[in-house]
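No lab work stands behind these numbers, since they all come straight from the coordinates. The structure displayed is predicted, hence computed values, not measured ones. Here Cβ is always computed from backbone atoms with ideal geometry, including for glycine, and neighbour counts include all displayed protein chains.
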Amino acid sequence: MSTELESTRKALREAVAQAEHAAELARLLDAAQSRLAEAERHAEEVKALAERLAGAEEDLERERAAADKLRKELAEQRYQAEVANWKLKSIKVARWSRLGDAIKTGKSNPVRLAKELKGATKPVKRPIAPKRKPVVVQRKDDRPGAAFQATTTTRTLAGESFKLRPFRVPTGPNTRPHITAAVIAEPHAEALLRYEWRQTTGFTPRDFARVLPLEVPHLLVVESVATGPWAEELRGEPGDGLKALLAWCAERGIRTVFWHTHGDVSAYAASAELFEHRFTTDLTVGWPRLQFGVQPRVHNPLPLSGGRIDRVLTLDQLLPGHLAYPDVLTSYRWPAGVDCPPGTPMWRLAEIAACGTPIGSDPDTRRAHVALRRAYDSGTMTERIDELLDKVGLPSARATLDTSVLLVIPEPGRTEHALAQVARQSGVAQLVVFGPPEAGERARDVLPDADVIHRPLRPELTVGAMLGRGLDLCEADLVAVMDPRDVYGSHYLSDLRRAFLFTTADIVGKAAFYAHLRKPQATLLKQPEAEYSYLPEIAGATLLARRNPLRELGFADLTDGWDEVLMRQCRQDGVKVFAADRFGYVRVRDEDRWLLGAAHLVEYGSAEPHALI
């Protein structure tokens, strides 16, 4: 009897414990769902603000255009009034008019008449005719892309009209502010080059001697243009304007470069011989290569504010008629996918892929991400210009994306796994590791090309405190924090670093990511919609930041939650945080009740085939 009673009591205790456990799970689930709802609300607010900002910018551009038009109309009316006044004064001082006035005044007084007639015959200086004055407009914004915005916002498919919110071409900064280049190019090449240096364009054979001295360039780059005022100067026998421009450059020691990008090279051969350096995109021409590359400032996966339409378009549907290049950049981001025909130029395929648009009749986000990565790996315009400047003898110095990694390994058993995740990354210049005594020597073995700084674990310090001390030792331009429990793909850091080429964020990371829970063997996907956007927060284990802003923010003296405090500080200080793609990282935990309530179940099995591509 006592045995049965004890068994009953034990069963009751287990039932009560399970009930308490279930209640705790329910409480945690409610809390997680509440946090998720709050995060989604913040994301919606950010999206709404972005749309309002885009609308306000469009309204501002329209108001500026209307104000400029009114200013021109007012200037014209003033000019016409001045002309009318000048005509009236000219009539009054004309001899026949003055004779008439004299006769009228002295007709009743012969003496006065004679006096007036004598005065009317004397020559009088005529008033000076007015001249049109230049219309004073708002000060020109000379940042790259400032006057290079999309205008055609309506597209038509099978008789159906779609209104697009144009892609906003970014203004500044440029990659090499210490170099000024005078550039003669068509809109496509000009768009690729404008962010690489301070660029002067728009001068003609008639006015270059007046325009270029305003900011004497270090370099002249001339494309094989087929249109515009320089086209006839370049084709066939070199024109006098081209010879004068090159002579002007020679007098001032300005390097000159001819860039053959299209057209029969023989048509430009005579002019090309006058330049110091010649480059070509044509593999059949025996000049050094300078191929088109993607320009991260405009060829990137930043989405249109209105999102994509759920259609796959042909290339002709994507780029109808003769769109200005800013409108081409809008079109690249519009469809769910593009079905490109055989023979499509490689540079066109690379630009579409770099904008995150799937290529093919069956859109797939994983293939699109790999294609984006390949488009950048095939070469950016920044890397192309590095090559050009090296060959012409100008300094190609620019900011780097070298990275220092901060790694805290509290458990010795995780050392090998953690160091293996760092070792597979590219661009790691430095590793600052807090871990067991053997971690330093082992890190130097697996990272022979990196500067390794090892500090022993201090039990009295929190993870945040150790990260703060490690940050003071970091020397690279970027600083990454990695978690020894998680899995990082070989492209993890290179994919994240790319975001610094096309955003203005100081901190980049992942808000959308895959997670794997060992106990239930479940693979989850958190916030799949939170890609390529500025958001209130990202996961701390995916943090990649510019070193100096991160030093100003610092790390909270906490082991758990230091990233939440950091994100809150970013919101308070107005530090921009950008969420990149979902790939290349897996959060690994035995169990995580918060994730169970805040993420989507993908499958029961490994997360790596989904995340590591």
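Given a Förster distance of 45 Å, report the FRET efficiency between Ala244 and Met346 from their Cβ-Cβ distance, rounded to the nearest 0.05.
Here the calculated transfer efficiency is 0.75.
Skipping prolines and chain starts, which residues have an amide H placed within reach, meaning under 5 Å, of the one on Gly435, given they are 5 or more residues away or on another chain?
Sorted by chain and number, the residues that satisfy this are Ile409, Arg455, Leu457.
Skipping prolines and chain starts, which residues have an amide H placed within reach, meaning under 5 Å, of the one on Val577, given they are 5 or more residues away or on another chain?
When sequence neighbours closer than 5 places are left aside, the close amide H contacts are Leu535.
Just need the Rg to Rh number for region 226-314, please, alpha carbons only, Kirkwood Rh.
Rg/Rh for region 226-314 comes to 1.16.
Given a cut-off of 26 Å, name the pairs among Lys72/Lys243; Lys89/Lys131; Lys243/Lys391 whose C-alpha atoms lie farther apart than that in the structure shown.
Lys72/Lys243
Under 5 Å between amide H atoms, partner at least 5 residues away or on a different chain: which partners does His491 have, H built in plane at 1.01 Å?
So His491 has HN proximity to no qualifying residue.
Between Glu552 and Ile128, what is the spin-label point distance in nm, taking each point 7 Å from the Cα along the Cα→C-beta axis?
Each label point is offset 7 Å from its Cα along the Cβ direction, giving 5.3 nm.
Between the DSSP loop rule and a limit of at most 16 other Cβ atoms within 10 Å, which GluC sites (Glu not before Pro) in region 482-538 are left?
Passing both the DSSP loop test and the Cβ count: Glu529.
Residue by residue through region 552-560, which ³J(HN,Hα) values in whole Hz follow from phi under the Karplus form 6.51 cos²θ - 1.76 cosθ + 1.60 (θ = phi - 60°), with glycine and proline marked x?
Using θ = phi - 60°, the values come out as 5, 6, x, 10, 5, 7, 9, 8, 10 Hz.
Taking every pair of alpha-carbon atoms in region 525-600, give the share separated by more than 14 Å as a whole percent.
That tail contains 67 percent of the Cα-Cα pairs.
Among the GluC sites (Glu not before Pro) within region 240-345, which fall in a DSSP loop and have no more than 10 other Cβ atoms within 10 Å of their own Cβ?
Taking region 240-345 and a limit of 10 other Cβ atoms within 10 Å, the loop GluC sites (Glu not before Pro) found are Glu273.
Mind checking the full-extension length gain between Thr156 and Asp264? Use 0.36 nm per residue of separation minus the Cα-Cα distance, one decimal, nm.
35.4 nm
Mind listing the phi-derived Karplus ³J(HN,Hα) values for region 205-220, rounded to whole Hz, using 6.51, -1.76 and 1.60 with θ = phi - 60°, and x for any glycine or proline?
Rounded to whole hertz, the list is x, 8, 10, 4, 5, 8, 7, 5, x, 4, 8, 4, x, 8, 8, 10.
Out of every Cα pair in region 457-613, what percent are spaced more than 18 Å from each other?
Tail of P(r) above 18 Å: 58 percent of Cα pairs.
What trypsin sites (Lys or Arg not before Pro) does region 190-266 have in DSSP loop regions with at most 14 other beta carbons within 10 Å?
The qualifying sites are Arg206, Arg252.
Subtract the Cα-Cα distance of Val285 and Thr227 from 0.36 nm times their separation in residues, and report this length gain in nm to one decimal.
Here the answer is 18.7 nm.
Please list 3J(HN,Hα) in residue order for region 159-169, calculated via the Karplus relation 6.51 cos²θ - 1.76 cosθ + 1.60 where θ = phi - 60°; whole Hz, with x for glycine and proline.
Working through the residues one at a time gives x, 9, 8, 10, 9, 9, 7, x, 5, 7, 5 Hz.
Can you compute the FRET efficiency between His322 and Arg206 using 1/(1 + (r/R0)^6), with r the Cβ-Cβ distance and R0 = 22 Å? Round to the nearest 0.05.
Taking R0 as 22 Å, the efficiency between His322 and Arg206 is 0.25.
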